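Everything below concerns the one structure shown next.
The values are calculated or read from the model by the stated rules, or taken from the named source; none is laboratory data. Note that the coordinates shown come from a computational prediction; the quantities given were computed from them, not determined experimentally. With ideal geometry, Cβ positions are generated from the backbone for all residues, glycine too; neighbour counts draw on all protein chains shown.
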Amino acid sequence: MRKGNRKGYSLVELLVVISILFMIIGGCVLNLYKFNKKWNNNTNVDFCNNYILHVLQNSSLYCRQQNVSCVLEFCNKNKINLFINHELVKVYEIPKELKFMNYFVVKIDNIGTIITACTISYEDANKDVHDITIRVGSHYVKVK
């Protein structure tokens with residue numbers, strides 16, 4: 001005995017629709033995770049570039065105002081140490097996901113001029129290398 005058209009959905013139809021929705025949501029969550037990871041890395045790189053430029057500029061200004069020479073030491077431990085007369089004055093830290101590629105020293109004289117030419121290289125979380133090039137005797141710094 002059949003009573004006309006049945007209204008509603010069968011259990012199989014509901015399971016198929018729900019499984020398709022879960023696949024779509026899973027793909028979206030995975031893409032969102034990748035986007036978030038990439039966005040965090042790009043934000044850290046931009047922050048680090050600006051922070052290193054800030055450290056160079058502030059150190060130069062401090063040397064000019066105090067009429068002293070200083071040394072900026074870029075360590076492999078994500079730290080930038082500021083030394084004046086061989087005494088540690090300040091320690092700057094960059095994000096933990098980034099690390100300097102090598103150890104080097106930047107010297108700044110008492111009139112605030114950078115007297116050491118170098119390229120500051122650091123590696124981000126994606127293992128991409130970023131460079132900041134400093135010219136001698138000027139305040140020209142190029143971020144690559």
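Values for this structure:
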| item | result |
| --- | --- |
| Subset tally (residues that are within 19 Å of residue 100 (Cα to Cα) and of a type in the set (A, V, I, L, M)) for region 26-59 | 5 |
| Flag if residue 89 is part of a loop (DSSP other than H, G, I, E, B), of a type in the set (A, V, I, L, M) and over 14 Å from the mean Cα position of the chain (by Cα) | no |
| Flag for residue 67 being within 19 Å of the chain's Cα centre (by Cα) and modelled with pLDDT of 90 or more | no |
| Region 56-86: number of residues that are in a loop (DSSP other than H, G, I, E, B), under 25 Å from residue 130 (Cα atoms) and in contact (Cβ under 8 Å) with a residue 24 or more places away in the chain | 2 |
| Residue 108 vs. criteria surrounded by fewer than 16 Cβ atoms within 10 Å (Cβ to Cβ), at pLDDT 85 or above and closer than 18 Å to residue 82 by Cα | no |
| Count of residues meeting criterion [of a type in the set (S, T, N, Q) and more than 18 Å from residue 49 (Cβ to Cβ)] in region 100-131 | 3 |
